[in-house]
Amino acid sequence: MAKPDNKLSSLKKNVAPYEEIDTKASIGQLFNTLVPLILLWYAAYLSLSVSYWLTIPIAVIASGFVVRTFIIFHDCCHGSFFKSRKANQILGTITGVLTLCPYEQWKNTHAIHHATSSNLDKRGIGDMWVLTVEEYGAASFWQRLYYRVYRNPIVMFGLGPIAIFLISYRFNRKGARRKEKISNYITNISIVALYALLCWAIGWQAFLLVQAPIFMVSGMLGIWLFYVQHQFEETYYEHDEEWSYINAAVEGSSYYKLPKVLQWITGNIGFHHVHHLSPKVPNYNLEKAHEAAPPLQKATTITLKTSLKSIRFRLWDEEKKVFVTFKEARQSLRKPQESALTKAEKKLASPRPRVQGE
């Protein structure tokens with residue numbers, strides 16, 4: 001495994017002071033996140049008697065607080081929300097029910113994501129499916145088709161929330177240990193109980209009219225954030241022998257510079273390079289850590305406008321070290337063939353050597 005740049009290595013020491021957990025700040029986040037979420041959900045329900053056109057914008061705002069709730073869940077999984085491991089587990093399980101994420105399963109797969117992010121030889125767990133141009137070129141027709149469907153924005157962001165949060169997370173992973181399985185069972189039973197209670201209290205039709213848009217919008221936002229913070233043009237991917245954790249964190253994760261309101265709603269997760277460098281930094285300290293280390297401020301910065309370009313990226317070009325579109329990949333795959341054909345044509349066109357005796 002490659003050694004990281006010394007300057008990058010020193011960054012982890014600079015960020016270490018911001019790993020300190022402020023229990024008061026954590027509790028404050030619980031109140032300014034969960035209370036508004038509950039009130040907005042109830043307001044969306046009450047608005048049904050007025051107009052569904054009023055319900056939708058309230059549901060969209062509520063979905064933002066679901067994303068913020070997920071950030072709390074995310075911190076609990078890293079053990080960076082409370083000092084107590086048990087407190088993180090309990091709160092993580094509760095917020096996992098609200099966000100439809102099983103605590104132990106997500107914690108374990110996400111830890112793998114952090115340990116292998118941008119490692120071309122260790123893809124497949126806790127990350128998005130990425131093929132290199134060469135792998136795509138060697139794939140069968142059906143594999144290419146499946147990959148193209150998977151990477152289609154309509155499928156990824158439209159069907160993705162249903163496939164991941166509603167279906168995939170309801171099942172145990174292959175090889176999951178007893179603790180992870182029990183956590184998953186508790187989450188599933190709790191979700192069913194909560195939804196059944198709400199359906200009984202307000203009726204299943206009203207429940208669906210409120211919960212469906214909140215679920216879909218928050219799910220799309222969650223997938224988008226995860227996607228855009230690693231899938232930018234000049235990101236970082238290396239094979240295991242050249243891969244570095246520090247380089248992957250700083251160069252393979254972006255700084256998603258959002259308007260202050262959206263930065264607050266998304267729990268500062270836009271400072272993703274800081275988070276990958278040191279997952280123990282609580283979400284409320286990410287910006288402080290970013291400001292305290294000037295080299296971190298040189299991380300790839302994307303904005304709402306420039307982040308939209310990432311939708312076009314499909315494959316990683318190992319030769320050029322950039323993400324490319326399917327069209328660009330086809331051109332790259334065609335060049336070796338054209339080069340080989342040109343050589344063959346030149347050989348045929350060259351004068352035939354005389355054979356002795358002719």
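The values are calculated or read from the model by the stated rules, or taken from the named source; none is laboratory data. This one's a predicted model, so the numbers in the text were calculated from it and none came from an experiment. As a convention, Cβ positions derive from the backbone with ideal geometry for all residues, glycine included, and neighbour counts pool all protein chains shown. Keep in mind that these areas ignore ligands, DNA and RNA; they rest on the heavy atoms of the full protein, side chains included. Shrake-Rupley method; radii C 1.70, N 1.55, O 1.52, S 1.80 Å.
Okay, here's what the table says:
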quantity: Average accessible area per residue (Å²) across the stretch 21-63 - probe 1.4 Å, nucleic acids and ligands excluded; calculated: 58 Å²
quantity: For the stretch 39-80: span of alpha carbons on each principal axis (Å, largest first); calculated: 43, 13, 8
quantity: Extension gain (nm, one decimal) between Ile167 and Asn188, 0.36 nm per residue minus Cα-Cα; calculated: 6.5 nm
quantity: Principal-axis tilt of helix 52-78 within the chain, Cα atoms, nearest 10 degrees; calculated: 80 degrees
quantity: Solvent-accessible ranking of Leu262, Leu286, largest area first, probe 1.4 Å; calculated: Leu262, Leu286
quantity: Glu134 accessible area, 1.4 Å probe, all protein chains in place, Å² to nearest 10; calculated: 140 Å²
quantity: Long pairs among Lys107/Lys179; Lys179/Lys280; Lys280/Lys309; Lys107/Lys321; Lys12/Lys257; Lys107/Lys309, criterion Cα-Cα beyond 19 Å; calculated: Lys179/Lys280; Lys280/Lys309; Lys107/Lys321; Lys12/Lys257; Lys107/Lys309
quantity: Cα→Cβ-extended label distance, 7 Å offset, between His114 and Thr306, nm; calculated: 2.7 nm
quantity: Exposure rule at most 15 other beta-carbon atoms within 10 Å, DSSP loop chymotrypsin sites (Phe, Trp or Tyr not before Pro): the chain longest free segment; calculated: 172-358
quantity: Of all DSSP beta bridges in the chain, antiparallel share, percent nearest 5; calculated: 45 percent
quantity: Förster radius 51 Å - calculated FRET efficiency between Arg178 and Thr325 (Cβ-Cβ, nearest 0.05); calculated: 0.70
quantity: Portion, in percent, of the accessible area of the chain that falls on carbon or sulfur, probe 1.4 Å; calculated: 64 percent
quantity: Hull shadow area, averaged, the chain [alpha-carbon convex hull, nm²]; calculated: 24.6 nm²
quantity: Net length gained if the chain between Ile202 and Arg85 were fully extended (0.36 nm per residue, minus Cα distance); calculated: 38.5 nm
quantity: Solvent-accessible area of Glu291 with every protein chain in place, 1.4 Å probe, in Å² to the nearest 10; calculated: 110 Å²
quantity: Per residue solvent-accessible surface (Å²) - the stretch 171-244, probe of 1.4 Å; calculated: 56 Å²
